[in-house]
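What follows is one structure encoded as structure tokens, with my remarks underneath.
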Amino acid sequence: MKNGFQQRLTQFFPTERIIFPTLLATLVGISIGFAVVFFIKTIDLSEYLFFGAGRGKLGLLGPYAVVFIPALGGLLVGLLVTLGAKQAGGHGVPEVIKAIALKGGKIPIFSVLIKLIASAISIGSGASVGREGPAVHIGSGIASFTARIFKQSEARIKNYVACGAAAGISAVFNAPITGVMFASEIVIRDFGARALSTVVIASVSASTISRMFLGHSPAFTVPVYSVWHPLELILYFTLGILSAFVSLFMISSLDRLERGFESYQVPAWLKPAVGGFIVGCIGLYYPQVFGMGFHSIEGMLNGALGSVMLLLALVFMKAVATNVSISSGSSGGVFAPALFIGAALGGVVGKLFYNHLPFPVAPPGAYALVGMASVFAGAFHAPVTAILLVFEMTGDYRMILPIMIAVVASTSISQLFSRDSIDTISLRRSGIDPGFFEEVKVLGALQVRDAMTAQFATVHRDLPGKLLLDKMAKEKDKSIFVVNDQEQLVGLIKPEEVQKALFGEDMTAIVADDLMYPLEEHCFEDEPLSEVAHFMMERHITQMSVMDSVDPKKVVGVIKSEDIFHAYTEVTEKRSSLLSRMEHESSHASGMVQIRFVISPRSTVTGKPIKEINLPDGIVLTSIKRRQAVLIPEGNTILKARDKIWAVMIPSQEEVFRSWLKDAQLAPFTFDAAY
């Protein structure tokens, strides 16, 4: 179950299962750290080319030059993404979530390069986007590529993709703790120690590289704020409520604009230019909306806020500019815009209350700080990430209590009115239900220990044949494992071999060692069950010994093909609708065609086992729903009337299969996610 390098490493280091992932996570983190530093430097160059040298070339247009610069950048991005990698558009995080949930964590490495260049152009030319979404995509793509080079399993590829996401956030924000929490709370939604360990290592490694080249200072330098009066907590709670509704506006308007641009009858490569022109028109009157807006955020945090009306206008103008940029196809993230909008909203609330209440109220900059966290939390449905992000970006812990109050209020209300965050709304629109990702992981999270048989019969290799017969007669499971003098598993005796010996040799002249099959393959108790099942099917193995994850020489159980079947059936019986939806999503993600049909009583295949129904080549039956149970199809599975069957195939086989259905007196019907 390992590649050659890992097998050699195991010979010298029994703890290879810890050492190798640690080394690879470190390599991933360092690589991403350098990539993010290069990305940030590229953004700086892009900003100079567009708003420095480029704006000078458009001097004849005067102040109206800013209208056309984002449009020009959008045109370049549109051509680059359309011709290079379509998944490089947008804000990046949904693509990473989709890759983990449906594609085994595989992210094309070429899309990383396209994403880096396209995002640098978008941000540099004034699109209202941030650099953190691209950093997540870049980091996850590098991690996915690295894990595949080292021939890691699908489960570990997914884990390294999460490492890449954490490393990207860590490097771009100089916030290693936030990177870990972002990957755990938003990307993989897993807080287990096993998943976290490599994520932490990658995040710290990337942050170390980033600090070497970009400095150790927090992203923002802000004054020291504190709560001036206990009643202020009510004001912060109110800010949290307002933040929730602003977050909901961001989510819903992004959804509507993305739908609008999808239906807009212009070439895909031209849409980012249209969006850039709209952003340029907004920026003509509100130049603060251009780019990431970090300088404006720092100004708000330091009290340089402007009037209440200006701040209120910026809340909505920045939201519109950001959603237009993203929905039209520009490449960039929404973290920074969410922080900008939150700071502006907090500034509005702070200005309205400051010096206007009978009790002391902190300066408006303090409310801008809290607003950053609360709008972010409401938009991303990620309260812990929001709290840690603001803490690490400012380096100030004194405002943690009001931040927590506002964040909880914002997240609770936002989740009450919208089941999707700004990261998942596009996934649902494309037919993927993010709410089921947690349940999908239950299938993938089954380990060998969840299915193995812990009780198994053993005999010594020198046991005489007659005593072996007596042993097998007493055992319910006729297959018996053979051990040596050190109680190590060395082989397996199958009933058919004993039967052959009974007819061909004198049982008194043979011992257990003469009848056993050597056990060359084994697995570990904490390996993903899906991987072991695939391994056994590839090699036509019906059972394997299971070794202790700490002591590789200690046998703790046996995994058999029927054990795997029972384990999956037990889970899928509780999640029948989940399995059908998961298969539907996976088939769409991989370019396959899926057709569902029902076995009718008059069909020619009713009552027959699958192996006798003469399915056309290239057709795979993936699941059978029988009443409330979901079955995994096998050759001997007998089809019964009213069975619901799911079949997948390559597009070229669709017509052949539909013809077969007609001959078998069956008819396909449309997939229904709620069925």
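The values are calculated or read from the model by the stated rules, or taken from the named source; none is laboratory data. In this text, all values refer to a predicted model and were calculated from it rather than measured experimentally. Backbone-built Cβ (ideal geometry, glycine too); neighbour counts: all protein chains shown.
Which one is surrounded by the most Cβ atoms within 10 Å (Cβ to Cβ) among residues in region 373-388 that are aliphatic (A, V, I, L, M), in contact (Cβ under 8 Å) with a residue 60 or more places away in the chain and closer than 17 Å to ALA219 by Cβ? Quick ask: steps written out before the conclusion?
To start, the set of residues in region 373-388 that are aliphatic (A, V, I, L, M) comprises 373, 375, 377, 379, 382, 384, 386-388.
Now restrict to residues that are in contact (Cβ under 8 Å) with a residue 60 or more places away in the chain: 375, 377, 379, 382, 384, 388.
After this cut, where a residue has to be closer than 17 Å to ALA219 by Cβ as well, the list is 375, 388.
Numbers: VAL375: 35, LEU388: 22.
Taking the candidates together, the pick is VAL375.
Would you mention how many residues in region 125-164 are surrounded by fewer than 24 Cβ atoms within 10 Å (Cβ to Cβ) and in contact (Cβ under 8 Å) with a residue 12 or more places away in the chain?
10
Exactly one condition in (1) buried (at least 18 other Cβ atoms within 10 Å of the Cβ); (2) over 29 Å from ILE413 (Cβ atoms) is not met by ILE251; state its number.
With respect to (1) buried (at least 18 other Cβ atoms within 10 Å of the Cβ); (2) over 29 Å from ILE413 (Cβ atoms), ILE251 is out only on (2).
Can you find a residue in region 274-296 that is surrounded by fewer than 24 Cβ atoms within 10 Å (Cβ to Cβ), more than 26 Å from GLU95 (Cα to Cα), of a type in the set (Ser, Thr, Tyr) and within 34 Å of the chain's Cα centre (by Cα)?
yes
What is the residue count in region 639-661 for residues that are small (Gly, Ala, Ser), within 20 Å of LYS608 (Cβ to Cβ) and out of contact with any strand residue (DSSP E or B) (no Cβ under 6 Å at 6 or more places or on another chain)? Lay out the reasoning, then the answer.
Taking region 639-661 first, the residues small (Gly, Ala, Ser) are 641, 647, 652, 659.
Subsequent filtering for residues that are within 20 Å of LYS608 (Cβ to Cβ) retains 641, 647, 659.
If we keep only those that are out of contact with any strand residue (DSSP E or B) (no Cβ under 6 Å at 6 or more places or on another chain) too, we end up with 641, 659.
Counting residues in region 639-661 that are small (Gly, Ala, Ser), within 20 Å of LYS608 (Cβ to Cβ) and out of contact with any strand residue (DSSP E or B) (no Cβ under 6 Å at 6 or more places or on another chain) gives 2.
So which residues in region 98-141 are part of a helix (DSSP H, G or I), small (Gly, Ala, Ser) and closer than 20 Å to VAL187 by Cα?
Our first condition is that a residue be part of a helix (DSSP H, G or I); within region 98-141, this holds for 98-102, 109-124, 132-141.
Filter again for small (Gly, Ala, Ser), leaving 99, 101, 111, 118-120, 122, 124, 133, 135, 139-141.
Residues satisfying the conditions are ALA99, ALA101, SER111, GLY133, ALA135, GLY139, SER140, GLY141.
Give just the number: which of (1) without any contact (Cβ under 8 Å) to a residue 24 or more places away in the chain; (2) part of a loop (DSSP other than H, G, I, E, B) does GLY291 not satisfy?
(1)
Being part of a helix (DSSP H, G or I) and either over 17 Å from MET292 (Cα atoms) or modelled with pLDDT of 90 or more (or both) is the filter here, so list the residues in region 48-66 that pass it.
Keep residues of region 48-66 that are part of a helix (DSSP H, G or I), which gives 48-57, 59-66.
Within region 48-66, ALA53, GLY54, ARG55, GLY56, LYS57, GLY59, LEU60, LEU61, GLY62, PRO63, TYR64, ALA65 qualify.
Under 9 Å by Cβ, and 6 or more places apart or on different chains, what pairs join a residue from region 546-558 that is assigned by TED's automatic domain parsing to the domain that holds GLU525 with one that is among the aliphatic types (A, V, I, L, M) and in a loop (DSSP other than H, G, I, E, B)?
VAL546/MET452; VAL546/ALA454; VAL556/MET452; VAL556/ALA454; GLY557/MET452; GLY557/ALA454; VAL558/MET452; VAL558/ALA454
Enumerate the pairs (first residue in region 646-675 and more than 16 Å from VAL620 (Cβ to Cβ); second residue anywhere and modelled with pLDDT of 85 or more and small (Gly, Ala, Ser)) with beta-carbon separation below 9 Å, excluding pairs fewer than 6 apart on the same chain, so at least 6 apart or on different chains.
So the pair list comes out as ALA664/SER603; GLN665/SER603; LEU666/SER603.
Taking LYS351 as the residue in question, decide whether it is buried (at least 24 other Cβ atoms within 10 Å of the Cβ) and of a type in the set (D, E, K, R). Before the answer, list the steps.
Working: buried (at least 24 other Cβ atoms within 10 Å of the Cβ): no; of a type in the set (D, E, K, R): yes.
No, not satisfied.
Specify the residue that is surrounded by the fewest Cβ atoms within 10 Å (Cβ to Cβ); the eligible residues are those in region 95-121 that are under 19 Å from the mean Cα position of the chain (by Cα) and within 16 Å of VAL37 (Cα to Cα).
Here the residue is VAL112.
Report yes if SER243 is among the hydroxyl-bearing types (Ser, Thr, Tyr) and either within 28 Å of the chain's Cα centre (by Cα) or assigned by TED's automatic domain parsing to the domain that holds LEU76 (or both), otherwise no.
Numbers: among the hydroxyl-bearing types (Ser, Thr, Tyr): yes; either within 28 Å of the chain's Cα centre (by Cα) or assigned by TED's automatic domain parsing to the domain that holds LEU76 (or both): yes.
Yes: the conditions hold for SER243.
Would you list the helices (runs of 4 or more DSSP H) that sit entirely within region 331-419 and hold 1 or more residues that are closer than 30 Å to VAL77 by Cα and in the same structural domain as VAL315 (by TED's automatic domain parsing)? It would help to see each step written out before you state the result.
Working: elements: 335-353, 364-380, 383-394, 400-417.
Where helices (runs of 4 or more DSSP H) fall fully within region 331-419 and carry at least 1 residues being closer than 30 Å to VAL77 by Cα and in the same structural domain as VAL315 (by TED's automatic domain parsing), they are 335-353, 364-380, 383-394.
Restricting the search to region 258-273, which residues are in a loop (DSSP other than H, G, I, E, B) and surrounded by 13 or more Cβ atoms within 10 Å (Cβ to Cβ)?
Residues of region 258-273 in a loop (DSSP other than H, G, I, E, B): 264-267.
TYR264 - this is the single residue of region 258-273 that is in a loop (DSSP other than H, G, I, E, B) and surrounded by 13 or more Cβ atoms within 10 Å (Cβ to Cβ).
What number goes with the only condition from (1) surrounded by fewer than 16 Cβ atoms within 10 Å (Cβ to Cβ); (2) touching a helix residue (DSSP H, G or I) at 6+ places or on another chain (Cβ under 6 Å) that TRP228 does not pass?
Here TRP228 meets the rest and fails (2).
Does LEU301 satisfy being in contact with a Lys or Arg (Cβ under 7 Å, 6 or more places away or on another chain) and crowded, with 20+ Cβ neighbours inside 10 Å? Don't jump to the end; show me each part of the working.
On the way: in contact with a Lys or Arg (Cβ under 7 Å, 6 or more places away or on another chain): no; crowded, with 20+ Cβ neighbours inside 10 Å: yes.
So LEU301 fails the test.
For region 600-611, give me the residue count where each residue is under 21 Å from LYS662 (Cβ atoms) and at pLDDT below 85. Please lay out each step first, then the result.
Let us first name the residues in region 600-611 that are under 21 Å from LYS662 (Cβ atoms), namely 600-608, 610.
Subsequent filtering for residues that are at pLDDT below 85 retains 600-602.
Number satisfying all stated conditions: 3.
Evaluate the following for PHE391: is it out of contact with any strand residue (DSSP E or B) (no Cβ under 6 Å at 6 or more places or on another chain) and crowded, with 24+ Cβ neighbours inside 10 Å? Please lay out each step first, then the result.
Working: out of contact with any strand residue (DSSP E or B) (no Cβ under 6 Å at 6 or more places or on another chain): yes; crowded, with 24+ Cβ neighbours inside 10 Å: no.
Against the criterion (out of contact with any strand residue (DSSP E or B) (no Cβ under 6 Å at 6 or more places or on another chain) and crowded, with 24+ Cβ neighbours inside 10 Å), PHE391 does not qualify.
If we scan region 578-594, do we find a residue that is modelled with pLDDT of 65 or more and in contact with a strand residue (DSSP E or B) (Cβ under 6 Å, 6 or more places away or on another chain)?
Step one: of region 578-594, the residues modelled with pLDDT of 65 or more are 593-594.
Now restrict to residues that are in contact with a strand residue (DSSP E or B) (Cβ under 6 Å, 6 or more places away or on another chain): 593-594.
Within region 578-594, one or more residues are modelled with pLDDT of 65 or more and in contact with a strand residue (DSSP E or B) (Cβ under 6 Å, 6 or more places away or on another chain).
Looking only at region 268-294, count how many residues are of a type in the set (D, E, K, R) and under 24 Å from GLY342 (Cβ atoms). Show your work before the answer.
Kept after step one, since they are of a type in the set (D, E, K, R), are these residues of region 268-294: 271.
Those left that are additionally under 24 Å from GLY342 (Cβ atoms): none.
Counting residues in region 268-294 that are of a type in the set (D, E, K, R) and under 24 Å from GLY342 (Cβ atoms) gives 0.
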